[in-house]
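Remarks on the structure that follows.
The values are calculated or read from the model by the stated rules, or taken from the named source; none is laboratory data. Bear in mind that the values here come from a model prediction, so they are computed numbers and not experimental data. Backbone-built Cβ (ideal geometry, glycine too); neighbour counts: all protein chains shown. Quick note on the areas: whole protein, heavy atoms, side chains included, nothing else; ligands and nucleic acids left out. Shrake-Rupley method; radii C 1.70, N 1.55, O 1.52, S 1.80 Å.
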Amino acid sequence: MATAALSTVQLAPGQAAWRRFRRHRLALAGGVIILVLVLGSAFGPYLLPFDDTYIDIMKRFAPPLSGAHILGTDELGRDVLARLMMGARVSLSIGFVAMMIAMAVGIVVGAFAGFYGGLIGAILMRLVDAVLCFPTIFLLLALAALTEPGLVTTTVLIAATAWMAVARVVEAQVRSLREREFAVAALAFGSSNLRIMFRELVPNAIAPIVVAATLNVAKAILLESYVSYLGYGIQPPAASWGNMLNNAQIYLTNAPWLAIAPGLAITLAVTSFNFLGDGLRDALDPRMNIP
Amino acid sequence: MADSTGRFGVGGLHFGIPNRRQFFQLGAGAAAGLTLPGHAFAQSERPSNPPDKPRGQVIAALSQEPTVFHPLMPGIEVDQGVWWQVFSLLWYIDPAGNFVPDLAREVPTIENGGLSADGLTWKIKLRSDVKWHDGTPFTADDVKFSLELINDSNFRARSRVGHSLVKDIKVVAADEIHWRMEAPYSPYMSILGSLTFIVPKHILEKVSDPNASPFHNAPVGTGPFRWGERVPGDHILLNAHTGYHGKGPYVERVVFKYIPDLTVLYTQFRTGQVDYTGLQGILPNFVQEAKTLKGRKIVVSSTSSVEHIAPNLEFGPFADRAVREALYLAINKQAIIDALYYGLPTQTESFVPQQAWSFQQELSQHKYDPAKANALLDAAGWVRGAGGVREKGGVKLEFTNSTTSGNAAREQTQQLLIQDWRAIGAAMRVNNMPAAVIWGDFWQQSKFNSVIVGVNFMLGSDPDVTPRFGSGAIPAKGGRGYNTYQYQSAEADRLLAQGAKQFDLAQRKATYGELQKLIRNDLAILPLFQGFIAEGVKEGLQGFRPNINTSINCWNIREWYWA
Amino acid sequence: MARYVVNRLAQAIMLLVIVSAIGFAILHLAPGGPLSQFAASAQMTQEDLDRVTRQLGLDRPLPIQYLDWFGRMLKGDWGRSYRDGEAVLSVISSHLGATLELMATATIIAVLLGCWIGILGALRRYSLFDTLATVGAMIALSIPTFWFGLVTIYVFSVKLGWLPAGNRETVGDGSLLDLLHHLIAPAMVLALVETAMWGRFMRSSMLEVINQDYIRTARAKGMPEWRILTVHALRNALLPMITVAGLQFPTLLGGALVAETVFTWPGMGRLFLDSIGYRDYPVVMGILMFSATMVLIGSLLADILYAVVDPRIRVG
């Protein structure tokens, strides 16, 4: 959802340098925040005196900064900060893993379609177009109906709605590179098609792939929160940012911090990945355009 | 979302108290009604009289959308809210459990000649002053048409239970109808008195497709309110039918407003945008605050469902009774009731609602005792293994628990259970599903380990639970009932057979009392508490009477009025 | 040109067929079914459930059901809702108004505000305004829509009491003022992402244009700045926006679904969620086909319009 806005801008050299610097500063900030989130979710839970699933029913709905619970407690008296950190593990992992699956599928489909072209290419790319016809949320919900909610299914579902853009990028790159001399040369040396595709052609499309991958993580984190919000995502007692938000809904009036904490976390993470992706795009290829 | 919160069932099926004795002679299991004790809210109302003519309107908020308006087709509870206003029954069951004649002039009994002594011949006398909303007089032909429609093979009837036994329907006069039953079936009395709304022959006989016609979205009935308009996804408007044959209606309009979010629904009740919070009512976490609101009344009433943990008795560890008892002992029931449900429900040990005549008082009472639970498991040979999870003979004491995803209180209950049970070396995992999935094959064919569910066990209000606990009622084993627990007990089968043949109320009470003890001691289900609903009514709106014998408490809007 | 259009149309129709097959397969292979809600109750016995399944034709093999559905759809019969028995098209159209109202309002806000921010940002590049707008847009694109909706409800409905917490109108009121009052919050929430999108697109489009030779030439000729802007820059910068409008449609529709859920708005998104929940296959299929068609028409129109207004595009 957040990935579509991209720009192709021609600039005077001096301006471009300034622009890149400025962009990179935001990208850098994004990268640092991501690092902090990853480290925080990896080591943070060990620094807290609370377990994320430990229920203390007598201490429910403690507001933030009251007593030992920095971010307060939730509807079952669990420590919100501990849950936020454990939730970060789940949400970030889903983001990364879904991105990797989407990348893998997208690259393979795009490479085959671009390399072979013709009927195979047409069929594959029409499939991409067809899946793109569904608004992401609609497709996600329809797919969610098909499976039992859980960590693995949620990840796969999100990947299933995110691979198409990559396939298009790779297809376009491979198709244009294919005719160039190094592919022809490789063919002349008798390399196999697969080898040419994935050793010679795909690596040349690495710049847009890296950018798309970064933006895809942002998209996947956002989608996890949507799916969990609509009740099809991560199951209790495991915490994810999305299901924390889902559970917080009915307590919005009395315990707003339950909704604010995970919402801010999502926004922070997604913004960081988006800035990083934007920065990478500028750095790697300022003239690049991804649909 | 449709949910088995227990407010389902054929409604309360009741036999008028004066006729009870005669009725039992019919031979099948009959029942007295569930009675609601006189509620405190009734006393708090200032005495006032209904107005001479309809005045004002009622905006009733529902958290599900009524979509089925043909009352004989498959619908859910929320649809019944509309049927009650637009259509009429031959007779209905009041909150005290009495049959009250509606379209019929009197409730048929053996005494008044409406029923033959063998229960096979039914003779119903009808009112002759009833008119359909379009002015056409209601006659016995309409009753005949309705019963025949249910058995029409082209018609997607909701249920033919009981109706399929009806033969030789004869319209004797415009106000009298007779028929013969193929076999005596006393619950039919209740089936007719709960959801068999009569539909107009003069309109429906002309439609080409009985499953889809203009009638389906602009129904015509004999009820207190006539169809106004429907804005799909938003609201339904009904107007007072001034020619109504019964008491009321006293309001000009009823608007059923669909508000899918219970939080928004409560907010709108608080700000006064809605007059009544209907089905699913007010979330327990808002009740405390709601009671302090000025100008609002909050009524918490019991439903006939029982919230329980349903074990699949054929699933590994649950086959061992010691395991079930240990699990039951380790549940901190009071914490669930007090913290998660804000003290609103009452704990229970039985599958029978506490208001029913058949309710057994003397059941062993649950006590939260993890130490005893641990001892029990030790004694039964369940040894703690890796990760503290017990096992016995290669079977690990681990299982999944499922419920409808999105039901906050139940999902919280699950998490308390995980913690309670971990303490005795049992590992539970959550595996929740959307309603459309969980109540399909997963539940019907016993594919679950354990489920948290609210069920109305009564056959109507009769305690004959053969379809729930009879060994021949297991769908997973080809049975036709709902024994998804896969409970099998020769003693239970014997008691069930015996109870169905007894006609004396005291004897039946004893038999079903024994059965309740047996089910409790076998722990075929782990009961938590009796179902409840908290509903809000604006002060000044009189006439709201919860009816445990119906599936929806806004059954009698015809009697509602503004003071 | 005509050949191009025909070609694209043919492709679009083929896509719709693929879409319908994918959608149909996903839906019907999903566990559960339209009768599960009744199975939960004791109202219908297993026998009743089996009978109604047969009567609905849901016991037939899936390919047969699909061909049957497809054949009827070609004849304009999209089936009837399992829930209220209404024809699918009339079910959709009765919910469409609310959704269009929301989408149109949000789009108008987004286009006006987004274009303004984008143009200003491009003209005053790297100013404080531009920096704030860029960062703000990125954050707007990153906020989960439903969370923003919840926060809006908390602030404006719960705390301040200025706006209603949901719904399209007060029952029995329904005056224009009342409608607008209810529209503000959901439209605002939906417009947030859209505005950010339009702002970003507009900014880059404008930047591209003002660095073109003809603008420099005009400037060198001493043309007044406002004339350069309106006559040359703006006109050319707005051209690519046509494509944006077309391609934005799926995002807008998805956003509407979320906004409708949060604000209990009686539109298509709500209908879609309910219909999935009840496994109302005909309606879900109808909405999928309808939205896919809209998406395709959107991108088709965008391409054609773009080709028409921009002669540089070679069509073929």
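Residues that are open to solvent by 10 Å² or more (accessible area, probe 1.4 Å) and in a strand (DSSP E or B) were ranked within the stretch B:405-443; the one that is farthest from the other protein chains (Cβ to nearest Cβ) is B:Ala427. Considering A:Ile196, A:Ile260, A:Ile209, the condition of being open to solvent by 20 Å² or more (accessible area, probe 1.4 Å) and among the aliphatic types (A, V, I, L, M) is satisfied by A:Ile260 alone.
Each row is one residue, and each column tells you yes or no for (1) within 12 Å of another protein chain (Cβ to nearest Cβ); (2) in a loop (DSSP other than H, G, I, E, B); (3) in contact (Cβ under 8 Å) with a residue 12 or more places away in the chain; (4) buried (at least 22 other Cβ atoms within 10 Å of the Cβ).
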residue: C:Phe129; (1), (2), (3), (4): no, no, no, no
residue: C:Val135; (1), (2), (3), (4): yes, no, no, no
residue: C:Leu150; (1), (2), (3), (4): yes, no, yes, yes
residue: C:Ser157; (1), (2), (3), (4): yes, no, yes, no
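Annotation: of all residues in the stretch B:211-232 being more than 17 Å from B:Tyr258 (Cβ to Cβ) and in a helix (DSSP H, G or I), the one that is most open to solvent (accessible area, probe 1.4 Å) is B:Pro214. Out of B:Gly295, B:Gly223, B:Gly246, B:Gly228, one residue alone is modelled with pLDDT of 90 or more and on the phi > 0 side of the Ramachandran plot. It is B:Gly295. Of the candidates B:Gly387, B:Gly343, the single residue that is modelled with pLDDT under 90 and open to solvent by 30 Å² or more (accessible area, probe 1.4 Å) is B:Gly387. Might you check whether a residue that is farther than 25 Å from C:Asp274 by Cα and within 14 Å of chain C (Cβ to nearest Cβ) occurs anywhere in the stretch A:236-254? Yes, because at least one residue in the stretch A:236-254 is farther than 25 Å from C:Asp274 by Cα and within 14 Å of chain C (Cβ to nearest Cβ).
Could you list all residues from the stretch B:329-369 that are over 26 Å from the mean Cα position of the chain (by Cα) and closer than 17 Å to B:Thr413 by Cβ? Matches in the stretch B:329-369: B:Leu329, B:Ala330, B:Ile331, B:Asn332, B:Ala335, B:Tyr368. All conditions but one from (1) closer than 30 Å to B:Ala335 by Cα; (2) at pLDDT below 85 apply to A:Arg23; the one that does not is (1). Each residue in the stretch B:142-174 was checked for being of a type in the set (Lys, Arg) and part of a helix (DSSP H, G or I), and 1 of them qualify. The criterion of at least 2 residues that are of a type in the set (Ser, Thr, Tyr) and open to solvent by 10 Å² or more (accessible area, probe 1.4 Å) is met by the following helices (runs of 4 or more DSSP H) wholly inside the stretch C:232-316: C:235-262, C:281-309. Residue count for the stretch B:483-499, restricted to those that are in contact (Cβ under 8 Å) with a residue 24 or more places away in the chain and open to solvent by less than 30 Å² (accessible area, probe 1.4 Å): 8. With respect to the conditions (1) open to solvent by less than 10 Å² (accessible area, probe 1.4 Å); (2) over 23 Å from A:Ile34 (Cα atoms); (3) among the hydroxyl-bearing types (Ser, Thr, Tyr), A:Ser228 lacks only one, and its number is (2).
For the stretch B:458-483, enumerate the residues that are of a type in the set (Val, Ile, Thr) and either part of a helix (DSSP H, G or I) or closer than 20 Å to C:Asp50 by Cβ (or both). Answer for the stretch B:458-483, where residues must be of a type in the set (Val, Ile, Thr) and either part of a helix (DSSP H, G or I) or closer than 20 Å to C:Asp50 by Cβ (or both): B:Thr466, B:Ile474.
Residue count for the stretch B:444-457 satisfying the condition of being assigned to a loop (DSSP other than H, G, I, E, B), within 12 Å of chain C (Cβ to nearest Cβ) and in contact with a Ser or Thr (Cβ under 6 Å, 6 or more places away or on another chain): 1. When only residues in the stretch A:33-49 that are more than 14 Å from chain C (Cβ to nearest Cβ) and either touching a residue at least 24 places away in the same chain (Cβ under 8 Å) or closer than 23 Å to C:Leu128 by Cα (or both) count, which is surrounded by the fewest Cβ atoms within 10 Å (Cβ to Cβ)? Among those that are more than 14 Å from chain C (Cβ to nearest Cβ) and either touching a residue at least 24 places away in the same chain (Cβ under 8 Å) or closer than 23 Å to C:Leu128 by Cα (or both), it is A:Ala42.
Inside the stretch B:110-133, residues that are at pLDDT 90 or above and assigned to a strand (DSSP E or B) make up a count of 7.
Scanning the stretch C:28-62 for residues that are outside any loop (DSSP other than H, G, I, E, B) and away from chain B (no Cβ under 11 Å) returns C:His28, C:Leu29, C:Leu62.
Set side by side, the residues A:Val109, A:Val131 differ, and just one is touching a helix residue (DSSP H, G or I) at 6+ places or on another chain (Cβ under 9 Å), within 14 Å of chain C (Cβ to nearest Cβ) and either within 22 Å of A:Val217 (Cα to Cα) or not aromatic (Phe, Trp, Tyr) (or both), which is A:Val131. Restricting attention to the stretch A:40-90, the residues that are more than 15 Å from A:Asn247 (Cβ to Cβ) and of a type in the set (Ser, Thr, Tyr) total 4. Selection of the stretch C:69-93 for residues being open to solvent by 50 Å² or more (accessible area, probe 1.4 Å) and in a helix (DSSP H, G or I) yields C:Arg72, C:Leu74, C:Leu89, C:Ser93.
Of everything in the stretch B:175-210 that's in contact with a strand residue (DSSP E or B) (Cβ under 8 Å, 6 or more places away or on another chain) and not in a helix (DSSP H, G or I), which residue is farthest from B:Leu90 (Cα to Cα)? Looking at the filtered set, the residue picked out is B:Glu182. Of the residues B:Ile177, B:Ile203, the single one that is buried (at least 22 other Cβ atoms within 10 Å of the Cβ) and more than 27 Å from the chain's Cα centre (by Cα) is B:Ile177. Checking each residue in the stretch B:406-431 for being under 13 Å from A:Ile55 (Cα atoms) and of a type in the set (S, T, N, Q) picks out B:Gln412, B:Thr413, B:Gln414, B:Gln415, B:Gln419.
Every residue in the stretch B:471-506 that is among the aromatic types (Phe, Trp, Tyr) and over 18 Å from B:Ala524 (Cβ atoms), please. Result: B:Phe503, single match.
Considering every residue within the stretch C:192-211, establish whether at least one is within 12 Å of another protein chain (Cβ to nearest Cβ) and on the phi > 0 side of the Ramachandran plot. No; the residues of the stretch C:192-211 include none that is within 12 Å of another protein chain (Cβ to nearest Cβ) and on the phi > 0 side of the Ramachandran plot. One residue alone among B:Tyr368, B:Tyr342 is in the same structural domain as B:Gln507 (by the TED database) and farther than 22 Å from B:Pro317 by Cβ, and that residue is B:Tyr342. On the stretch given as the stretch B:445-467, residues that are under 21 Å from the mean Cα position of the chain (by Cα) and open to solvent by 10 Å² or more (accessible area, probe 1.4 Å) total 6. Can you pull out every residue in the stretch B:261-282 that is more than 30 Å from B:Asp52 (Cα to Cα), assigned to a loop (DSSP other than H, G, I, E, B) and open to solvent by 30 Å² or more (accessible area, probe 1.4 Å)? Result: B:Asp261, B:Gln280.
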